[in-house]
Each structure stands twice: as C-alpha cells, then as structure tokens.
C-alpha cells in the first residue's frame, strides 16, 4: 500500500503583484492530503484557499507566482514541471471542478464534443469509444437522458445538470486527485445535497482524493475528513472535522462557525397589521422549445400565486432553482409582466396603471439583486449610481447627494466611497451599495433576490444584520427570495415555499420549520447540510 500523500504542500508562498494590501496570496502554507481523503479548505474571500488549489494545477492567475516552497502531486513538484508535463497532469492525474460551470463550459460547443476534446488531448478513448465513455460517465453522475444531453449545449441544462457535467468531465480519465473550488455555492439545497452525495460516492468507489474549497461550514460538517482554516493567506488551524467544529482553537475559526445561520427560527419583532402588498392569482407562462427546432412547449413559471406582506414584515420565498421565486419577485416590481392576476399596493392594482403612471409609484417598490457587480454600472462612480434614480424622480441634486452620503455611512462604507467605482469594492461591500441604492427613494417594499447567496458566512451575517436593522428602523415590507433555509429561519416572519411555479406551503416560519406539511418542504429541510451545526456552541 502506498502511504505517500497524494498532495504535499510545504512552506509554500505565492507572491501578489506589488501595491496590494499584502505581499503574499498565501504565505508559508504547509498541508497534506492522504490518498482517498477529503480535505476541506475553509476561509473567507481573499483567504488564499482558491490560490492553493490553483497552484496544484499550475493555473495561477496572471501576476501571481510561487515565491518559495513546493507544491507536490504524487511526489512531483508542480513548480518545476515543464509545460508538457503540466498538460499531461491536468485531466489525467489532477482534475478541477469550478464554482460556476456555465463559465467553465464553452457555450458554443455541444457537451459531448467538449469532453471529446479532453480525450483527444490525452490520446484516450478514440472514436466510438469516446461516446460510450461519455454516456457511461453521464449515467454515473446521475444525469437524466444521457443520449439527449450529450448533444445539448450548456444553456439547455439546469445549473445542477451543468455541475454534474463538469464533475463527469473531471472523472473522465480517472484522476487521483479532484480539486473542487466552491462547486455547490450557487446551488439550491437539494441539488447541493445530490452533488455532495456524488462526491462521497466518487471517493468511496474510486479512492479519489478531494480538495474541497468552501466557505460553507454546513458542507464541511457533512463532507470533510479533515479541515484546514485559512485567513489572509495563512493557515491558522487544522484538524479532524469534529475537532475543528466542536472545539475550535482560533478566534477566527470560532467567528466563522458562529456566523453560520442557525436553523431554529429567530425571535423577530412582530410586524404591523397594515397590508402593504398583496399578490392575487398571479400567473406567468413562458413559451419555448425543446431545442433549436424542437417542438414548441410552454412553462408556467408562476402559477396562481397568492400572498400578502404587512408593514414591517419579511416574507421569505424559498424553493429550488426553477421554482419561480425570482420571476415572482420581478413581477412585483414589474420587471416582468404577468399574464394575469393582481399586484395590489395599498389596495391599488399596479397592473391596471399605465407605464407612465406606475413609474411614479415605482420608487416605493425597489429591488436588491443577487449579483451587485452585474447590476451596478462599471463605468459610473457610486455617487452617480446612487443619485441617478432620485434625480430622475425629481429630487434636487443637493438633497440626493446628501441622502447618498447618509446612506453610505449607514451601510458602513462611509462618504469617501462615493467617488470610487464598483470594481474597487469586495462582494459584500457591493451588496451594501445595492442596499443603499434601493433605499435612496425611501421605499415601502423591497424585493431582495438571493442577496447573500454568494457571500462568505461572516459577510452574509453582516448583511443580514443590516437588513434586519433597516427593516426595524424604516418599517419596511421585505420580500426575501432565497434557497438557503438557514437564512430564511433568521430573517423571515413567514415563508412561502414554491415548487414548479406554485406555492405549496405558506405560513409562519417557526410553524412550517417545526412541522412541515408538504413533502417538498420536508425534502428541502432534510437536504440542509450540517444539521448538527445547530447543536454546536462555538
């Protein structure tokens, strides 16, 4: 039996370009991964965890370089490999699963052809053997209808299916090591649970070692054999999953574990009695096709949805990807027009108002988007981004400027941030800017569409605390769209569970989480990773 670790990183430092906030992306880091072991590397954005994984593939981003130490795979130092040896290593001995499969797959190539390219690069599975191998892989990772999917394009697959394709590609040449960089961050709980089950199956049946990069301690609790915690490029703690989760030594580790939202619903201040927003019998149908020239079909994205939101209340809309929750949110602010139904704001049906009349009402209905970087104009300074809307609604410039400065201080960024561009902020800071923009017109209703799903747990906790405080101070009605049931438990007075466009369960958060009545709700709750984290006191 070979006891040599599949990965041995010794005193590794990777230098950042000069002028950054620190000299090294990772500094003097040492770790090993045994054969058949799952090691989770945990830390916030900027901790260096993804850099460690990229180093093992010889895929460091431009401007980063190994300054000292070594990173060995199966006894070979990646830093001293020739380009030819690195190409042979990637795919055959080490494979990577990326966080966003849509950006990892070529949108212009059929799925099967992309895996064939891998085979051709390594002179494996020629001709018809390649197609047979791909179908075998698709069956193994649980993809439905492999014969159809092999000739599909990435956009024709769901997010979970695309991630399974990327996993199949990683498995194609049976590597000894898989590097998984945040592969479940953007997935809903049931799809996430399926992907984690698949990774455990791969380790069990093939003896594959897995380096799993994540900021989600729930995933760590369910998947890891050992855990490494990184902070600002340094390895600060390591140990078995039980040691790190139940008896963390470092204050930083304790802070990360404490920031994980608990599943037990929080005690929230009761909302008022006044109904601010009401949706009645709202339906939205999309037409489509099964392919380029496929048979026409229709999809009911939202199907006869009814709910109310009171002043000072947070209503959570929860469900998997494709359940219709984001479409519902966009219908509320009329970014999407429903086919039928009523959207009542203080009893007045917004759907009966002409566009120009609704425009005046629009300032009372605002939205916070999931990805603030794509919703903030990269060519405009924050000052302009915040004041454009109020100026268009007739606010004078001096008032708009003063309000922007007040809100930037309120969300914790300060007035000086107004003269910077979006790319100069972190993800959590950009989300705070998105919140400030939504508040500029003093709205009564805010629709928040997955506003914390891509954030580290500690940053997520800060944004959730901010939303809670905003609601209390401004008496907002908040519609909070999420696939994270832990977040819903901490923020929402009531929840509406959506499945295939319909609300299948609706009521008080505590009552539904304690005794879910619908099988789909029970399935969502059962899929939450790291259920025993709720018993841990960090």
At R0 = 25 Å, FRET efficiency that the Cβ-Cβ distance of residue 148 and residue 174 yields, to 0.05: 0.50
Based only on other Cβ atoms within 10 Å, what is the fewest-to-most ordering of 197, 222? 197, 222
Principal axis dimensions, largest first and in whole angstrom, of the stretch 381-538 by Cα: 54, 35, 27
Just rank 276, 495, 299, fewest to most, by other beta-carbon atoms within 10 angstrom. 299, 276, 495
Measure nothing but the geometry: give the 0 to 90° angle between the long axis through the Cα atoms of 382-392 and the longest principal axis through the Cα atoms of the chain, rounded to 10°. 30 degrees
222 nm mean residue ellipticity, helices alone, for the chain (DSSP H n ≥ 4; -39,500 (n - 2.57); rounded to 500): -11000 deg cm²/dmol
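With a cut-off of 8 Å between alpha carbons and a minimum separation of six or more residues, what is the relative contact order of the chain in percent? Please list the in-between numbers first.
Working: 1059 pairs, mean separation 87.6, N = 538.
Once divided by the residue count of the chain, the mean separation gives 16 percent.
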Which angle from 0 to 90°, rounded to the nearest 10, does the C-alpha axis of helix 128-140 make with the longest principal axis of the chain? 60 degrees
Place a point 7 Å from the Cα of residue 21 in the direction of its beta carbon; the residues of the stretch 453-479 whose amide N falls under 13 Å from it are 459
Most exposed first, judged by fewest Cβ atoms within 10 angstrom, 131, 62 run 62, 131
How compact and how long is the chain, expressed as Rg and Dmax of its alpha-carbon atoms in Å? 24.5, 76
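Answer rounded, prolate or oblate for the stretch 100-174, using the Cα gyration tensor with square roots of eigenvalues a ≥ b ≥ c: rounded when a/c is under 1.5, else prolate when a/b is larger than b/c, else oblate. Display every interim value, and only then the final one.
Numbers: a/c = 1.58, a/b = 1.36, b/c = 1.16.
Prolate.
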For the chain, what is the percent of antiparallel DSSP beta bridges, rounded to the nearest 5? 55 percent
Against the longest alpha carbon principal axis of the chain, how many degrees, from 0 to 90 and to the nearest 10, is the axis of helix 189-206 turned? 10 degrees
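Coordinate-derived values only; no laboratory data. This one's a predicted model, so the numbers in the text were calculated from it and none came from an experiment. A quick note on method: Cβ atoms are made from the backbone with ideal geometry, for glycine too, and the neighbour counts reach across all protein chains shown.
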